[in-house]
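Participant: Handing you a structure now.
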Amino acid sequence: MGILDVVPAGVVTGKNLTKLYDYCQEHNFAIPAVNITSSSTVNACLEAARDSNSPIILQVSHGGSAYFAGKGVKNDKDQASIIGAVAAAHHIRTVASTYGVPVVIHSDHCAKKLLGWFDGMLDADEAYFKIHGEPLFSSHMIDLSADDKDYNIQTTAKYMARMAKINCLLEMEIGLTGGEEDGVNNEDVDNSALYTQPEDVYDVYKALSPIGNMFHIAAAFGNVHGVYKPGNVKLQPILLKHFQEYVQKQIGSTSNKPLYLVFHGGSGSTKEEVKEAVSYGVVKMNIDTDTQFAYLAGVRDYVLNKSGYLKTQVGNPDGDDLPNKKYYDPRVWVREGEKTLIARVIEANKDLGCINTL
Ligand SMILES: [Zn+2]
């Protein structure tokens, strides 16, 4: 018995999505959510999932979406981010089932100033739902954690009500993830904001659970975007256990994992920290910084090792008349980055217990 006995291969939405996350919690593992920016990074992640016999979450950030549409496209009204996110989702939908793994299409942090992007993606979801009976994306993240708590929760609930009509899952953030990602900088915020209180998590649960169960909570437990030298913010996975216990007690649940939790800033965490977080009901761990670095590594090493073959179209260390086309073809050197990215995603699958779960 594996995941494919519970949900089909290809893009997973609606009830299948909650079945997938329930399965994760029952079997004590989480799925990596990798930020993708191109068809190359999408395909590499799908290949990694296929080769490790795992499901995968592919997510686009606001900036990553714009990049998918092309850096030359204007983005003053979020148009590049909307079109790029939709293009990425369609690319994933076209190729996903070929790889034989369940795939979740997700969008990453959306702050207040980017809600135009969020609305544009939801418009695309609603149009897709009219034709196909499911949303284009499996889920989206709204992130109003930098705003007033009541505004955060109320606005999140409003969006969840809209998304519930098309069976699209909503991830929200309460408390702040530290560090810097995609132009949002929380490097200088007060330390206490980097640790969410159990009462705040329960306030989110109270507001969202009457709408349905299709929501994820990214609560802060000292997690940080990016990789830095050790500082004074310490990762405290035990807080995740406290959140679950507090909500369980308040609602009188028999489950010790009443919440679907998300781990942001997975890059740079130790394997023990990841394992502990997963044991408390984390179903999704975001990994971006480490996979960015992995994608570079293959390209970097290739260029450094093959430099004598890359300076001119003809002529290399083996002979002045020899052509270099097979060295500078992008399918050769971009592929080297894909290989090192694949290896890093497979490593994440191992860390999260996600390997061989299909
Ligand atoms: Zn994040």
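The values are calculated or read from the model by the stated rules, or taken from the named source; none is laboratory data. On a predicted model such as this, the values are computed, not experimentally measured, just so you know. Here the Cβ positions follow ideal geometry from the backbone for every residue, glycine too, while neighbour counts run over all protein chains shown. Quick note on the areas: whole protein, heavy atoms, side chains included, nothing else; ligands and nucleic acids left out. Shrake-Rupley method; radii C 1.70, N 1.55, O 1.52, S 1.80 Å.
Participant: Does at least one position in region 268-288 carry a residue that is within 25 Å of His106 (Cβ to Cβ), modelled with pLDDT of 95 or more, polar (S, T, N, Q) and buried (at least 23 other Cβ atoms within 10 Å of the Cβ)?
Facilitator: Yes, because at least one residue in region 268-288 is within 25 Å of His106 (Cβ to Cβ), modelled with pLDDT of 95 or more, polar (S, T, N, Q) and buried (at least 23 other Cβ atoms within 10 Å of the Cβ).
Participant: Scanning region 158-211 for residues that are more than 25 Å from Ile287 (Cα to Cα) and assigned to a loop (DSSP other than H, G, I, E, B), which turns out most open to solvent (accessible area, probe 1.4 Å)?
Facilitator: Ranking the candidates gives Lys165 first.
Participant: Checking the structure you have, find out if any residue of region 270-286 is touching a helix residue (DSSP H, G or I) at 6+ places or on another chain (Cβ under 9 Å), in a loop (DSSP other than H, G, I, E, B) and over 16 Å from Val42 (Cα atoms).
Facilitator: As a first pass, look at region 270-286 and keep what is touching a helix residue (DSSP H, G or I) at 6+ places or on another chain (Cβ under 9 Å): 271, 274-285.
Filter again for in a loop (DSSP other than H, G, I, E, B), leaving 280-281.
The next check asks that each one be over 16 Å from Val42 (Cα atoms); those that pass are 280-281.
Checked region 270-286: at least one residue is touching a helix residue (DSSP H, G or I) at 6+ places or on another chain (Cβ under 9 Å), in a loop (DSSP other than H, G, I, E, B) and over 16 Å from Val42 (Cα atoms).
Participant: Return the residues of region 74-115 that are on the phi > 0 side of the Ramachandran plot and among the acidic types (Asp, Glu); say none if nothing qualifies. If you could, list the steps in order and put the result at the bottom.
Facilitator: First, the residues of region 74-115 that are on the phi > 0 side of the Ramachandran plot: 78, 100.
Residue satisfying the conditions is Asp78 alone.
Participant: Let me ask something additional. For region 193-212, indicate whether the set of residues that are of a type outside the set (Val, Ile, Thr), within 16 Å of the ligand (Cβ to nearest atom) and at pLDDT 95 or above is non-empty.
Facilitator: The answer is no, given that none of the residues of region 193-212 is of a type outside the set (Val, Ile, Thr), within 16 Å of the ligand (Cβ to nearest atom) and at pLDDT 95 or above.
Participant: Going through region 340-353 one residue at a time, which ones are more than 15 Å from the chain's Cα centre (by Cα) and not aliphatic (A, V, I, L, M)?
Facilitator: Correct list: Thr340, Glu347, Lys350, Asp351, Gly353.
Participant: Every residue in region 290-314 that is in contact with a strand residue (DSSP E or B) (Cβ under 8 Å, 6 or more places away or on another chain) and outside any helix (DSSP H, G or I), please.
Facilitator: Passing the criteria: Gln313, Val314.
Participant: Does Lys275 count as charged (D, E, K, R), out of contact with any strand residue (DSSP E or B) (no Cβ under 8 Å at 6 or more places or on another chain) and farther than 24 Å from Met141 by Cα? If you could, list the steps in order and put the result at the bottom.
Facilitator: Numbers: charged (D, E, K, R): yes; out of contact with any strand residue (DSSP E or B) (no Cβ under 8 Å at 6 or more places or on another chain): yes; farther than 24 Å from Met141 by Cα: no.
No; evaluated as a whole, the condition is false for this residue.
Participant: Where the second residue is among the polar types (S, T, N, Q) and the first is within 11 Å of the ligand (Cβ to nearest atom) and lies in region 278-289, which pairs have Cβ atoms under 6 Å and are six or more apart or on separate chains?
Facilitator: Pairs found: Ile287/Ser267; Asp288/Asn35; Thr289/Ser267.
Participant: Taking region 5-62 as the search range and keeping residues that are touching a Leu at 6+ places or on another chain (Cβ under 7 Å), polar (S, T, N, Q) and under 11 Å from Ile346 (Cα atoms), which one is surrounded by the most Cβ atoms within 10 Å (Cβ to Cβ)?
Facilitator: Ser54
Participant: Out of all the residues in region 117-127, is one or more among the aliphatic types (A, V, I, L, M), open to solvent by less than 50 Å² (accessible area, probe 1.4 Å), free of Cβ contacts under 8 Å to residues at least 24 places away in the same chain and closer than 24 Å to Lys284 by Cα?
Facilitator: Of all residues in region 117-127, those among the aliphatic types (A, V, I, L, M) come to 121-122, 124, 127.
With open to solvent by less than 50 Å² (accessible area, probe 1.4 Å) added as a condition, the list becomes 121-122, 124.
With the extra rule that they be free of Cβ contacts under 8 Å to residues at least 24 places away in the same chain, the set shrinks to none.
Checked against the condition, which is being among the aliphatic types (A, V, I, L, M), open to solvent by less than 50 Å² (accessible area, probe 1.4 Å), free of Cβ contacts under 8 Å to residues at least 24 places away in the same chain and closer than 24 Å to Lys284 by Cα, region 117-127 yields no hits at all.
Participant: Starting from residues that are polar (S, T, N, Q) and closer than 21 Å to Ala348 by Cβ, keep the ones in region 243-272 and report whichever is nearest to the ligand (Cβ to nearest atom).
Facilitator: Step one: list which residues in region 243-272 are polar (S, T, N, Q), which gives 244, 248, 250, 253-256, 267, 269-270.
Within this subset, residues satisfying the condition of being closer than 21 Å to Ala348 by Cβ are 267, 269-270.
Details: Ser267: 10, Ser269: 13, Thr270: 18 Å.
Selected residue: Ser267.
Participant: Right, next: Identify all residues within region 212-240 that are buried (at least 16 other Cβ atoms within 10 Å of the Cβ) and part of a loop (DSSP other than H, G, I, E, B); write none if there are none. Steps first, please.
Facilitator: Initial filter on region 212-240 (buried (at least 16 other Cβ atoms within 10 Å of the Cβ)): 214-226, 233, 235-237, 239-240.
Hits for region 212-240 are Met214, Ala220, Gly222, Asn223, Gly226, Val233, Leu235, Gln236, Pro237.
Participant: List the pairs whose first member sits in region 146-160 and is aromatic (Phe, Trp, Tyr), whose second member is in a helix (DSSP H, G or I) and open to solvent by less than 20 Å² (accessible area, probe 1.4 Å), and whose Cβ atoms are under 8 Å apart, counting only residues at least 6 apart or on separate chains?
Facilitator: What qualifies is Tyr159/Phe118; Tyr159/Leu122.
Participant: With respect to Ala146, determine if the residue is within 16 Å of the ligand (Cβ to nearest atom) and open to solvent by 40 Å² or more (accessible area, probe 1.4 Å). Can you show your working first?
Facilitator: On the way: within 16 Å of the ligand (Cβ to nearest atom): yes; open to solvent by 40 Å² or more (accessible area, probe 1.4 Å): yes.
When the stated conditions are applied, Ala146 passes them.
Participant: Would you pick out the residues in region 184-203 that are among the aromatic types (Phe, Trp, Tyr) and either closer than 21 Å to Lys229 by Cβ or touching a strand residue (DSSP E or B) at 6+ places or on another chain (Cβ under 9 Å) (or both)? It would help to see each step written out before you state the result.
Facilitator: Taking region 184-203 first, the residues among the aromatic types (Phe, Trp, Tyr) are 195, 202.
Matches in region 184-203: Tyr195 only.
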